[in-house]
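Data block below; observations after.
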Amino acid sequence: MTAWRGDLAACFDNLDRLFVSHAMDEDRAFALLARLRAEGVGWRELDAAVRDLLTEDGCTVQHIELQMRHVEPRFRPWLAP
């Protein structure tokens, strides 16, 4: 498991698995973005990691797609494909 994947989980609410539902989650997401850029992680890898995380947590496909609508605009413009 890549170390940054543990930081990814912290960007989601523990109960509902909502992306950056709290200001502290948003701070963690921003710090994660900086780490991903420093480590050369691309959008495709992050996209797969988010989907894997939420699937492992038992989220429905609909919930995952909804969360991806929040994740993508915050990360994709700043990461390589």
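The values are calculated or read from the model by the stated rules, or taken from the named source; none is laboratory data. In this text, all values refer to a predicted model and were calculated from it rather than measured experimentally. Heads up, the Cβs are rebuilt from the backbone with ideal geometry, glycines too, and the neighbour counts pull from every protein chain shown. Keep in mind that these areas ignore ligands, DNA and RNA; they rest on the heavy atoms of the full protein, side chains included. Shrake-Rupley method; radii C 1.70, N 1.55, O 1.52, S 1.80 Å.
Assorted remarks:
- Gained length - R44 relative to A10, 0.36 nm times residue gap less alpha-carbon distance: 10.3 nm
- Straightening the chain between R74 and V61 buys 2.6 nm, computed as 0.36 nm per residue apart minus the Cα-Cα spacing.
- Between the range 64-81 and the range 2-42, the C-alpha centres lie 12 angstrom from each other.
- Helix 43-56 vs. the chain, principal-axis angle (Cα, 0 to 90°, nearest 10): 30 degrees
- Rounded percent of accessible protein surface that carbon and sulfur make up, the chain, 1.4 Å probe: 54 percent
- Gyration tensor verdict on the range 7-81 (Cα atoms; rounded if a/c is under 1.5, prolate if a/b is larger than b/c, oblate otherwise): oblate
- Solvent exposure of the chain as accessible area per residue, Å², 1.4 Å probe: 62 Å²
- Note on the chain: with charges restricted to the Cβ of Lys and Arg (+1) and Asp and Glu (-1), its dipole about the Cα centre is near 280 debye.
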